[in-house]
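The values are calculated or read from the model by the stated rules, or taken from the named source; none is laboratory data. Just so we're clear, the structure is a prediction, and the values are computed from it rather than from any experiment. Neighbour counts are summed over all protein chains in view; Cβ atoms, including those assigned to glycine, are modelled from backbone coordinates with ideal geometry.
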Amino acid sequence: MKFLLGTKQYMTQVFDEKGISTPVTVISAGPATVTALKTVAKDGYESVQIGFGVAKEKHVSKPVLGQLKGMGPFKKMKEFRTSDSFELGSSIDVTTFAEGDVIEVTGISKGKGFQGVVKRHGFHGGPRTHGQKHSEREPGSIGGSGGRAGGRVAKGMRMAGRMGSDRVTVKNLKVVKVLPETNELLVSGAVPGRRGTLLEIVSK
């Protein structure tokens, strides 16, 4: 199992030898440090914890600094369940991946604030004519006899509300290019989040 943490940078395109373009996302990935090893005997499960990014000491609690034993402090630490063997304090960088690897990328999607039902759920809205005045983007009826008991709003009714800021995983992305000199991965297609969003990159 291969894994790494990184941040989303921007999208661009690359061309192959036939001149065919592929849209790619540039991810600044690693290097990350192995900060802890969990075992079945001691913890009940096997995993590897890695630290990524540089943080100020005043932003990290003393217990965490003590656990890191001089390796940190890190902006983000994340556990990955794996039985592969790693050495405490070792470094993981983009060279762990190779061109053609199929990966899945997880991140927090862009927050869009409070949105109506047309944008949030794809409702068509009301009619554009026949005397309508203010109902063009309204949701329509939300209750009445349509509910199980009638006269109330049924559970799960799609309405306006906060949109985005969800944990999203995009699977079956392909590593198009690995750039060790700049610690960058070029990944086919789009990944969740804005520029600077923390991403978890996993290849099983």
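Give me a count of the residues in the stretch 174-198 that are among the hydrophobic types (A, V, I, L, M, F, W, C), more than 22 Å from LYS75 (Cα to Cα) and more than 13 Å from the chain's Cα centre (by Cα).
Taking the stretch 174-198 and keeping what is among the hydrophobic types (A, V, I, L, M, F, W, C), we get 175-176, 178-179, 185-187, 190-191, 198.
This time we only want the ones that are more than 22 Å from LYS75 (Cα to Cα), so: 175-176, 178-179, 186-187, 190.
From what's left, more than 13 Å from the chain's Cα centre (by Cα): 175-176, 178-179, 186-187.
Residues flagged as among the hydrophobic types (A, V, I, L, M, F, W, C), more than 22 Å from LYS75 (Cα to Cα) and more than 13 Å from the chain's Cα centre (by Cα) within the stretch 174-198 amount to 6.
Would you mind telling me which numbered condition in (1) in a loop (DSSP other than H, G, I, E, B); (2) modelled with pLDDT under 90 GLY19 fails?
Exception for GLY19: condition (2).
Please work out which one of (1) modelled with pLDDT of 90 or more; (2) touching a Phe, Trp or Tyr at 6+ places or on another chain (Cβ under 9 Å); (3) of a type in the set (Val, Ile, Thr) is the condition VAL94 fails and give its number.
Evaluating VAL94 over (1) modelled with pLDDT of 90 or more; (2) touching a Phe, Trp or Tyr at 6+ places or on another chain (Cβ under 9 Å); (3) of a type in the set (Val, Ile, Thr) leaves (2) as the failure.
Looking at (1) at pLDDT 90 or above; (2) over 20 Å from the mean Cα position of the chain (by Cα); (3) aliphatic (A, V, I, L, M), find the lone condition where VAL102 falls short.
(2)
For the stretch 34-45: of the residues being of a type outside the set (S, T, N, Q) and free of Cβ contacts under 8 Å to residues at least 40 places away in the same chain, which is nearest to SER203 (Cα to Cα)?
Ranking the candidates gives TYR45 first.
Just to check your reading of the model, which residue among PRO31, PRO23, PRO63 is over 16 Å from LEU198 (Cβ atoms) and either touching a residue at least 40 places away in the same chain (Cβ under 8 Å) or not assigned by TED's automatic domain parsing to the domain that holds GLU99 (or both)?
Among PRO31, PRO23, PRO63, only PRO23 is over 16 Å from LEU198 (Cβ atoms) and either touching a residue at least 40 places away in the same chain (Cβ under 8 Å) or not assigned by TED's automatic domain parsing to the domain that holds GLU99 (or both).
Within the stretch 1-10, how many residues turn out to be farther than 19 Å from ASN172 by Cβ and surrounded by fewer than 22 Cβ atoms within 10 Å (Cβ to Cβ)?
Here the count works out to 3.
The conditions are (1) assigned to a strand (DSSP E or B); (2) surrounded by 13 or more Cβ atoms within 10 Å (Cβ to Cβ), and GLN13 fails exactly one of them. Which is it?
If we test GLN13 against (1) assigned to a strand (DSSP E or B); (2) surrounded by 13 or more Cβ atoms within 10 Å (Cβ to Cβ), just (2) comes out false.
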